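Q: Please see the structure below; I have some questions.
The values are calculated or read from the model by the stated rules, or taken from the named source; none is laboratory data. The structure presented is a predicted model; accordingly, all values stated were derived computationally and were not measured. No Cβ is skipped: glycine too gets one built from the backbone with ideal geometry, and neighbour counts run over all protein chains shown. Side chains are part of the model used for accessible areas, which takes the heavy atoms of the whole protein and leaves out ligands, DNA and RNA. Shrake-Rupley method; radii C 1.70, N 1.55, O 1.52, S 1.80 Å.
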Amino acid sequence: MRTIGLIGGMSFESTTVYYQMINEAVRTRLGGLHSAKIVLHSVDFQEIVDLQKAGRWDAAAAHLGKAAQGLERAGADCALICTNTMHLVADEVAAAVRIPLLNIIDETAKALSAAGVRRPLLLATRYTMEQGFYARRMAAHGLAMTTPGEAGRTVVHDVIFDELCAGIVRDESRAAFLDLIANAKDEGCDAVILGCTEICLLLDPDALPLPGFDSTAIHAAAAVDFALAEGMKAAAE
């Protein structure tokens, strides 16, 4: 089994979901009391948020790059940035290490394409919805991604930072998200991306007006596939 390296803490609410999903998948696939080999570097999220608000993405990239290097030195065979937003600097982080960085946007796009999706709605932080990096990477996979209007983007961003990142889950926020998804369906979207790793705390991807794709679950599954690939190959041989 290869060792998975996680850059977490952004927020720790979703990092715990990664840890649980990865370990449950390994136990399911290998049986017994198997669990994943994981190295975790958990950052102080407030430091990252301060850099985001100041637009200091270069400093944020350097911070996460050092975290990735620490994972590599600790024996990780791959690295994951456990948040969609900080994939804005994913290329810089990937360049800081020799081990592969499993990109959450690429993994989500592959899942969408495999399901025949062409025009997904993205729900995420304002940075992810507005900075363009997510849409460009989706477009490279042939996907025409859309986002809610200005008012909808504000609602989604505020719920993520003011509620979900603090472990607060409100029914009224769930209803607001469902309304945004229903509107997007009426406008021709054929799926919705839960494009912030905390949104899975609020929404069940299988109980939405559109087919839901949980980026957290997709990313965690990709890590397990990577970790077990060589072992499964050897077992098959």
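Q: Contour minus end-to-end for Ala140 and Asn183, with contour as 0.36 nm per residue of separation and end-to-end as the Cα-Cα distance?
A: Fully extending the segment from Ala140 to Asn183 adds 12.9 nm.
Q: Same structure again: Can you compute the charge dipole magnitude of the chain about its Cα centre, using +1 on each Lys and Arg Cβ and -1 on each Asp and Glu Cβ, nothing else charged? Give it in debye, rounded to the nearest 20.
A: 660
Q: How much length is gained on full extension from Trp57 to Val169, taking 0.36 nm per residue of separation minus their Cα-Cα distance?
A: Taking Trp57 through Val169 to full extension adds about 37.4 nm, to one decimal.
Q: Over 29 Å between Cα atoms, which of Lys37/Lys185; Lys37/Lys66; Lys53/Lys185 qualify?
A: As for pairs spanning more than 29 Å Cα to Cα, those are Lys37/Lys185; Lys53/Lys185.
Q: Now for a different question. About its Cα centre, what dipole magnitude does region 131-237 give when the only charges are +1 on Lys and Arg Cβ and -1 on Asp and Glu Cβ, stated in debye to the nearest 20?
A: Dipole about the Cα centre, nearest 20: 340 debye.
Q: Taking only DSSP H segments of four or more residues, each worth -39500 (n - 2.57), what value at 222 nm results for the chain once the sum is divided by all its residues, to the nearest 500 deg cm²/dmol?
A: Only helices count here, giving -16500 deg cm²/dmol.
Q: Still on this structure: Which order do the peptides 56-68, 217-229 take when ranked by the mean count of other beta-carbon atoms within 10 Å per residue, highest first?
A: 217-229, 56-68
Q: Would you work out what percent of the accessible area of region 101-150, with all protein chains in place, is carbon or sulfur (probe 1.4 Å)?
A: So the carbon and sulfur contribution to the accessible surface is 49 percent.
Q: Among Gln20, Ala151, Val224, whose Cα lies farthest out toward the positive end of the dipole of the chain, if unit charges sit on the beta carbon of Lys, Arg (+1) and Asp, Glu (-1)?
A: Sorting the options by dipole projection puts first Val224.
Q: Related question: Give, as ranges by residue number, the residues of region 33-73 whose backbone N falls under 16 Å from the point 7 Å along Cα→Cβ of Asn23.
A: Hits in region 33-73 for Asn23 at 16 Å: 33-42.
Q: On to the next question. Relative contact order of the chain: what whole-number percent is it, with Cα pairs under 8 angstrom and at least 6 residues apart?
A: Computed over the chain, the figure is 23 percent.
Q: Could you work out how far apart the two model spin labels at Thr16 and Ala115 are, taking each label as a point 7 Å from the Cα in the direction of the beta carbon, and quote it in nm?
A: Computed distance between label sites Thr16 and Ala115 equals 2.6 nm.
Q: Along the charge dipole of the chain, pointing to its positive end and built from +1/-1 on Cβ of Lys, Arg, Asp and Glu, which listed residue (Cys82, Leu51, Leu102) has its Cα farthest out?
A: Farthest along the dipole direction, towards plus: Leu102.
Q: Please calculate how many Å² of accessible area the chain carries per residue, with a 1.4 Å probe and no DNA, RNA or ligand atoms counted.
A: Accessible area per residue: 44 Å².
Q: What does the charge dipole of region 100-158 about its Cα centre add up to, to the nearest 20 debye, if the Cβ of each Lys and Arg holds +1 and the Cβ of each Asp and Glu holds -1?
A: It comes to approximately 200 debye.
Q: Then there is this: Just name one of Ala135, Leu122, Phe177: the one whose Cα is farthest towards the positive end of the charge dipole of region 76-196 (beta-carbon charges, Lys/Arg +1, Asp/Glu -1).
A: Ranked along the dipole, the leading option is Ala135.
Q: Full extension from Gln46 to Gln131: what is 0.36 nm times the residue separation minus their Cα-Cα distance, to one decimal in nm?
A: Taking Gln46 through Gln131 to full extension adds about 28.6 nm, to one decimal.
Q: Now for a separate question. Between region 68-85 and region 11-59, how many Å separate their Cα centres?
A: A separation of 10 Å, based on Cα centres.
Q: Which aspartates and glutamates does Lys110 reach when only Cα atoms under 18 Å apart count, and residues fewer than 8 places away in its own chain are ignored?
A: The qualifying aspartates and glutamates are Asp190, Asp214, Asp225.
Q: Just the accessible area for Tyr18, please: 1.4 Å probe, Å², rounded to the nearest 10?
A: 0
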